[in-house]
Amino acid sequence: MMIRTALPADRETIGALRVLAYNAQGLLDASPSYADTLRDLGWQDPDEVLVAVADERVVGTVVFVPWGPHCEIARGPDEAEIRAFAVDPSVQRRGVGAALVRAVVERAKEEGVSRLVLCTRTVMTGAQRLYEAHGFVRLPERDWEPVPGVDLLAYELVLKD
């Protein structure tokens, strides 16, 4: 498996993968229109879409969002966000997610980010375990509800003091 920056030609595949992964967990039930957002996330500067490729197929993706207009919970230039994390359901629990988390953490370090933050749905217990295994801790003061019935839990990873 290889992790690389996504190419413009990957955009449609990545959008479909995100929707597939979120639908497989029932994450679009409360807000089906979020599928359109998922397809578009990460393609504006300065965001960077990373992909995991195995057997010449995109099997996972994550977006690195430096501080800026696309941030939801980052609060300053020393922070960046992880968004649109998704792994093809057919390859989950095979290390794809862990490799993507390591890659986006490394990307944040390259940018000199002090804290990497993210939100995850309360029902995404597998993702929560993955983040916690990589050192992320809860940041409850930034929990929020973008639409009724969609509760988001915030996490952070301190990269430097």
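Every listed requirement among (1) under 13 Å from the mean Cα position of the chain (by Cα); (2) free of Cβ contacts under 8 Å to residues at least 60 places away in the same chain is met by Arg115 save one, (1).
If you go through segment 8-35 and keep only what is modelled with pLDDT of 95 or more, touching a Gly at 6+ places or on another chain (Cβ under 8 Å) and farther than 16 Å from Pro89 by Cβ, you end up with nothing. Here Arg115 clears all of (1) open to solvent by 40 Å² or more (accessible area, probe 1.4 Å); (2) within 20 Å of Leu27 (Cβ to Cβ) except the condition numbered (2).
Restricting attention to segment 43-60, which residues are within 20 Å of Ala98 (Cα to Cα) and modelled with pLDDT of 95 or more? Hits for segment 43-60 are Glu48, Val49, Leu50, Val51, Ala52, Val53, Ala54, Arg57, Val58, Val59, Gly60.
When restricted to residues that are surrounded by 15 or more Cβ atoms within 10 Å (Cβ to Cβ) and hydroxyl-bearing (Ser, Thr, Tyr), segment 58-112 contains 1. The lone criterion from (1) more than 22 Å from Arg39 (Cβ to Cβ); (2) crowded, with 20+ Cβ neighbours inside 10 Å; (3) not aromatic (Phe, Trp, Tyr) left unmet by Gly126 is number (2).
Residue count for segment 129-138 under the criterion of being surrounded by 15 or more Cβ atoms within 10 Å (Cβ to Cβ) and not in a helix (DSSP H, G or I): the result is 2.
The values are calculated or read from the model by the stated rules, or taken from the named source; none is laboratory data. All values reported here derive from a predicted model rather than from experimental measurement. When we count neighbours, we look across all protein chains shown, and the Cβ atoms used for this are built from the backbone with ideal geometry, even at glycine. Heavy atoms of the whole protein, side chains included, go into the accessibility calculation; ligands, DNA and RNA do not. Shrake-Rupley method; radii C 1.70, N 1.55, O 1.52, S 1.80 Å.
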